[in-house]
Amino acid sequence: MRKTLAYLIPLTFLLSACQSPPIANQDNPAPEPLNAWTDWNDREIFKSGLLPLYQESLDELPGASIYHIDYEIADDLVHLTGNQEVRYTNQEDIPLDTIQFHLFPNLLGGEMLISDVSVGGVSVSIEYAQNNSILSAPLPAPLQPGENILIQISFVTTVPTELESNYGILASTEGVLALAHAYPMISVYDDEGWNTEYPSAQGDVTYADVSFYLVRVSAPDDLVMVASGNEIQRKSTGDRQIVTFAAGPARDFYLVASSEYVLVSGKFGEYTINSYAPEDAGEGSQLALDVAAAAIDYFGKSYAPYPYTEFDIASTPTYALGIEYPGMTAINVDLYDLSSNFGGTPASIYLESTIAHEVGHQWFYNFVGNDQLDDPWLDESLTQYVTWQYYIDRYGANSGAEFAQALDGRWQRIESEKIPVGLPVTAYQDGEYSAIVYGRGAFFFDVLADQMGAEAFEAFLADYTQSHQWGIATSESLQDIAEEHCKCDLNDLFTDWIYPSQ
Ligand SMILES: [Zn+2]
């Protein structure tokens with residue numbers, strides 16, 4: 001995520017329109033179950049979304065969860081009915097008694113009501129926690145390591161009609177329906193057990209293992225839908241469209257839709273970039289596409305090739321500058337008006353730095369995962385650093401120095417205080433999160449490069465990226481790989497910059 005400087009971007013809140021009752025589109029016959037499409041073990045359906053280089057990933061992640069989701073978007077763009085079946089495999093070395101899901105709409109200003117949960121085909125009674133944002137499904141018998149089980153969940157979600165909490169990532173406003181984390185999302189099981197930590201309002205909210213997603217969406221036929229992954233089938237039934245997307249490996253499935261979107265598209269070698277924005281934002285949309293192409297090319301050469309055959313950019317009314325999702329990004333629509341400026345800085349400058357940053361997250365958040373609540377620096381600080389390198393590579397040292405000055409400006413907002421970079425989001429007070437994780441944190445990587453030597457640092461960053469492919473990094477694993485490459489002890493440096501003071 002790239003956060004808004006509140007004084008730069010005006011917040012535009014739409015008053016809540018009157019809401020019609022929840023849908024139900026009775027005219028259509030019951031669709032064929034998604035499971036009829038594909039055997040749970042057959043991952044061919046995901047192949048078209050991956051570069052050939054990454055197609056072997058399909059066989060290398062036998063335990064990754066597989067989601068089959070049916071979404072029905074009501075004509076009011078506010079109500080979402082869903083049915084999800086997910087195959088979960090116990091990848092831990094102990095038996096599990098429950099499977100826990102995040103119901104993010106219940107903490108993003110919306111409401112997700114669960115009507116039915118069954119485990120292995122048997123209806124179960126579930127428990128909720130944390131203001132109904134966690135659902136715990138009991139298992140009929142402990143799930144042994146390596147075993148898998150099917151969990152089916154029916155739900156109805158009401159999407160907020162104002163940009164509520166967390167940057168308005170889940171909202172139906174200004175004709176744009178943004179569906180972030182809108183399905184029951186399996187928690188990560190880690191050294192804390194089921195990691196169901198309650199997210200702060202100022203950072204990203206998810207922490208997820210890579211999964212596969214087959215998602216079929218029924219929606220009004222004038223909506224242009226943009227989603228993680230690739231569209232693999234489209235049908236029309238009267239005034240509705242039924243579109244199926246396949247995505248994965250990926251850490252989430254995001255969907256955004258508007259009848260106002262106009263597509264600008266470009267093909268770059270093995271992948272396609274699609275940029276969606278309202279017609280009057282066309283110039284900004286083209287710039288967004290050009291920057292994304294340059295950034296994907298540079299990060300791909302430097303760290304690891306971009307894994308997917310598609311990257312999508314969609315403008316939304318979010319009040320962040322931009323937000324990252326697997327295979328796509330949502331960008332604040334105000335940045336597309338290239339004739340405007342924010343505090344004297346042209347919108348084009350913000351648009352370029354935001355797009356480059358969100359593209360960077362395809363490597364550091366999606367390809368290499370991390371706990372975004374406890375270790376936000378692993379995705380945000382590193383993404384700020386690689387964005388800085390993008391400027392140097394594309395425009396030269398002066399441009400890099402200007403970007404560094406902007407980073408320093410962030411840090412100076414708290415008098416360049418040496419607060420550790422590696423704290424959980426919740427440990428930072430107002431203003432500190434942005435200043436430290438988005439400012440000071442980028443300089444850590446510069447200092448690390450100095451200490452390691454440029455060549456060892458470059459090799460380390462590529463190795464860090466590739467060795468954590470589709471996995472989860474930690475501060476310690478980053479330090480270990482850096483030390484392997486410099487053959488040196490970096491403890492003092494990490495203690496000075498990253499780790500909480502004792
Ligand atoms: Zn970010």
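The values are calculated or read from the model by the stated rules, or taken from the named source; none is laboratory data. Note that the structure is predicted; figures quoted are calculated from it, not measured. No Cβ is skipped: glycine too gets one built from the backbone with ideal geometry, and neighbour counts run over all protein chains shown. Protein only, heavy atoms only, side chains kept; ligands, DNA and RNA dropped before computing areas. Shrake-Rupley method; radii C 1.70, N 1.55, O 1.52, S 1.80 Å.
A few points about this structure:
- On the stretch given as segment 200-228, residues that are open to solvent by 20 Å² or more (accessible area, probe 1.4 Å) and either small (Gly, Ala, Ser) or in a loop (DSSP other than H, G, I, E, B) (or both) total 7.
- For TYR391, the conditions (1) within 12 Å of the ligand (Cβ to nearest atom); (2) aromatic (Phe, Trp, Tyr); (3) more than 21 Å from the chain's Cα centre (by Cα) are fulfilled apart from (1).
- Some residue of segment 328-337 being within 22 Å of LYS267 (Cβ to Cβ), within 11 Å of the ligand (Cβ to nearest atom) and open to solvent by less than 10 Å² (accessible area, probe 1.4 Å): yes
- Evaluation of ALA304 against the conditions (1) more than 16 Å from the ligand (Cβ to nearest atom); (2) part of a loop (DSSP other than H, G, I, E, B); (3) out of contact with any helix residue (DSSP H, G or I) (no Cβ under 6 Å at 6 or more places or on another chain) shows that the sole unmet condition is (3).
- In segment 48-62, residue modelled with the highest pLDDT [restricted to those that are under 24 Å from ASN90 (Cα atoms) and surrounded by fewer than 18 Cβ atoms within 10 Å (Cβ to Cβ)]: GLN55
- Criterion violated by TYR276 - all others in (1) closer than 19 Å to ARG394 by Cα; (2) within 20 Å of the chain's Cα centre (by Cα); (3) open to solvent by 10 Å² or more (accessible area, probe 1.4 Å) satisfied: (1)
- Taking the criterion of being within 17 Å of THR309 (Cβ to Cβ), open to solvent by less than 10 Å² (accessible area, probe 1.4 Å) and in a strand (DSSP E or B), the residues of segment 249-268 that qualify are PRO249, ALA250.
- All of (1) within 30 Å of LEU61 (Cα to Cα); (2) within 27 Å of the chain's Cα centre (by Cα) hold for LEU407 with one exception: (1).
- Only listed residue being farther than 16 Å from ALA435 by Cβ and either at pLDDT 95 or above or open to solvent by 20 Å² or more (accessible area, probe 1.4 Å) (or both), chosen from ILE419, ILE392: ILE392
- Among the residues of segment 63-79, some residue qualifies, meaning at least one is more than 24 Å from the chain's Cα centre (by Cα), part of a loop (DSSP other than H, G, I, E, B) and surrounded by fewer than 21 Cβ atoms within 10 Å (Cβ to Cβ).
- Number of positions in segment 371-389 that are open to solvent by 20 Å² or more (accessible area, probe 1.4 Å) and in contact with a strand residue (DSSP E or B) (Cβ under 6 Å, 6 or more places away or on another chain): 0
- Contacts under 7 angstrom Cβ, first residue in segment 301-330 being in the same structural domain as LEU289 (by TED's automatic domain parsing), partner of a type in the set (Asp, Glu) and away from the ligand (no atom under 13 Å from the Cβ), 6 or more apart: THR309/GLU270; PRO317/GLU174; TYR325/ASP252; PRO326/ASP252; GLY327/GLU310; GLY327/ASP312; MET328/ASP312
- Matching residues, segment 160-180, being among the hydroxyl-bearing types (Ser, Thr, Tyr) and under 14 Å from ASP76 (Cα atoms): THR161, SER172, THR173
- Residue satisfying all of: in segment 132-180; buried (at least 24 other Cβ atoms within 10 Å of the Cβ) and among the small types (Gly, Ala, Ser); modelled with the lowest pLDDT among these: GLY168
- Residue, nearest to the ligand (Cβ to nearest atom), within segment 307-327, restricted to residues that are part of a loop (DSSP other than H, G, I, E, B) and open to solvent by 10 Å² or more (accessible area, probe 1.4 Å): TYR319
- Qualifying residue in segment 351-365 (condition: more than 11 Å from the ligand (Cβ to nearest atom) and surrounded by fewer than 18 Cβ atoms within 10 Å (Cβ to Cβ)): no
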